[in-house]
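A.B. asks: One structure follows; several queries about it will come next.
Just so it is clear, none of the values below were taken in a lab; they were calculated from the coordinates. All of these numbers come straight from a predicted model, not from anything done at the bench.
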Amino acid sequence: MRHEHPPWAKELQDTPFAKHPFTRAISDQVVHRTRQSTPRRMKRRRLSFVTISAVVVSIVLVLTWNLENTISPQEEVRSTYSEHNVPLFQMFPDPNLAAGSESGYMVSFKEPFEKYKDKTLSIIATHLESGLQVQAADESRISEPSSGYDTLGRYTFSCGLPISGLWRYEFKLDGEFYGDVIIQVGEPSWGESPSFQLGNGTKYTLRGKEGRAAILDIPFLANRSNKYMWYLWGEEDRLDGQLVIKAVKEGSYDMMDVFSASSTGAASYGADRMFPSSILLPESGMWRLLIYVDGKLFDSIVVRVSS
């Protein structure tokens with residue numbers, strides 16, 4: 001059966017305009033404007049894309065630079081410094097090298113003595129994990145070869161480092177980088193330092209190393225200040241200078257100053273130096289008290305701090 005549309009349906013199909021609205025002239029204008037506007041849009045899009053790309057690349061470069069400068073590759077122990085596969089020097093530390101006490105080092109320089117003559121040499125040690133720096137050897141002028149040598153084949157120095165781990169020793173000639181080595185400094189015992197009698201008719205009990213450094217054996221209580229007497233033994237020139245006592249807790253690299261004085265006192269009770277101090281340690285546990293004289297580590301004592 002054929003479906004018939006109502007009469008008004010045909011009227012809807014007719015255009016309301018008196019003549020056709022989309023003339024040939026209008027069509028040409030639309031095409032012309034489209035051709036003009038498309039390159040502009042594309043250009044703006046290209047500029048936006050280039051701008052966004054530049055920002056992304058900049059962010060990546062900044063992040064990469066930060067990573068490279070904050071995360072260093074794993075360092076390895078090396079006692080020899082070479083350039084172009086030619087050794088320039090080798091360092092031999094004390095076989096019992098450990099943190100907390102003074103140790104000796106011997107360095108064998110390989111170049112002719114003329115390379116070093118009348119130049120200054122200094123050594124800076126840097127703890128790789130914490131960044132702590134220590135002046136391992138003060139700047140000194142090289143005037144003659146090692147004893148018994150015509151070279152600088154047996155250069156010696158001594159220094160004490162406060163914490164264990166990998167240390168970089170940087171050598172400088174006339175203030176300029178000459179070379180470096182990386183040495184493992186051993187972890188010392190964290191057992192309480194032994195006690196002994198002072199002697200000389202006294203009944204005082206000391207804790208530390210007899211003949212080197214000790215403290216009057218009085219209990220340490222966390223976060224409570226107390227007075228302690230110190231006793232040092234050693235060469236006169238090694239005991240002269242400003243005194244600083246630092247403390248580091250077992251398992252930590254954070255050192256804190258706990259006492260300082262302008263000198264190490266005077267000889268008394270059989271010790272080469274004796275001086276009083278007032279010390280407060282904030283937490284219970286095992287603590288190492290580091291004794292610095294004239295800016296250099298002299299020795300250390302381990303004490304137990306109770307709650």
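A.B. asks: Taking H placed 1.01 Å from N in the peptide plane, check which residues at least 5 places from residue 89 or on another chain put their amide H under 5 Å from its amide H.
C.D. replies: For residue 89, the qualifying residues are 81, 110.
A.B. asks: Under 5 Å between amide hydrogens, which residues at least 5 positions from residue 136 or on another chain qualify, with H placed 1.01 Å from N in the peptide plane?
C.D. replies: Result for residue 136 returns 123, 124, 125.
A.B. asks: Follow-up. How would you classify region 195-306 from its alpha-carbon gyration tensor, with a ≥ b ≥ c the square roots of the eigenvalues: rounded for a/c under 1.5, else prolate if a/b is greater than b/c, otherwise oblate? Don't jump to the answer; show the numbers that get you there.
C.D. replies: Numbers: a/c = 1.86, a/b = 1.26, b/c = 1.48.
It comes out oblate by the Cα gyration axes.
A.B. asks: I've got another one for you. Relative contact order for region 80-185: what is it in percent, counting Cα pairs under 8 Å that are at least 6 residues apart?
C.D. replies: Numbers: 233 pairs, mean separation 32.2, N = 106.
Computed over region 80-185, the figure is 30 percent.
A.B. asks: Using the structure shown, select from 209/246; 172/296; 117/209; 110/246; 172/249; 249/296 the pairs with a Cα to Cα distance greater than 28 angstrom. Don't skip to the answer; put the middle values down first.
C.D. replies: Working: 209/246 17 Å; 172/296 19 Å; 117/209 40 Å; 110/246 38 Å; 172/249 33 Å; 249/296 20 Å.
Check vs 28 Å cut-off fails for 117/209; 110/246; 172/249.
A.B. asks: To continue, here is another question. Rg(Cα) of region 80-185 divided by 2.2 N^0.38 Å?
C.D. replies: So region 80-185 has a normalised radius of gyration of 1.04.
A.B. asks: Rounded to whole Hz and in sequence order, give me ³J(HN,Hα) for region 95-100 from the Karplus expression 6.51 cos²θ - 1.76 cosθ + 1.60, θ = phi - 60°, writing x for Gly and Pro.
C.D. replies: Karplus-based 3J(HN,Hα) across region 95-100 equals x, 9, 4, 8, 5, x Hz.
A.B. asks: Another question, if that's okay. Could you give each residue of region 193-199 its phi-based ³J(HN,Hα) in whole Hz, using Karplus coefficients 6.51, -1.76, 1.60 with θ = phi - 60°, and x for Gly or Pro?
C.D. replies: 4, x, 9, 7, 7, 5, x
A.B. asks: Another question about this same structure. Residue by residue through region 214-224, what is 3J(HN,Hα) from phi via Karplus (6.51 cos²θ - 1.76 cosθ + 1.60, θ = phi - 60°)? Round to whole Hz and write x for glycine and proline.
C.D. replies: For region 214-224, the Karplus curve yields 8, 10, 4, 7, 10, x, 9, 10, 4, 6, 10 Hz.
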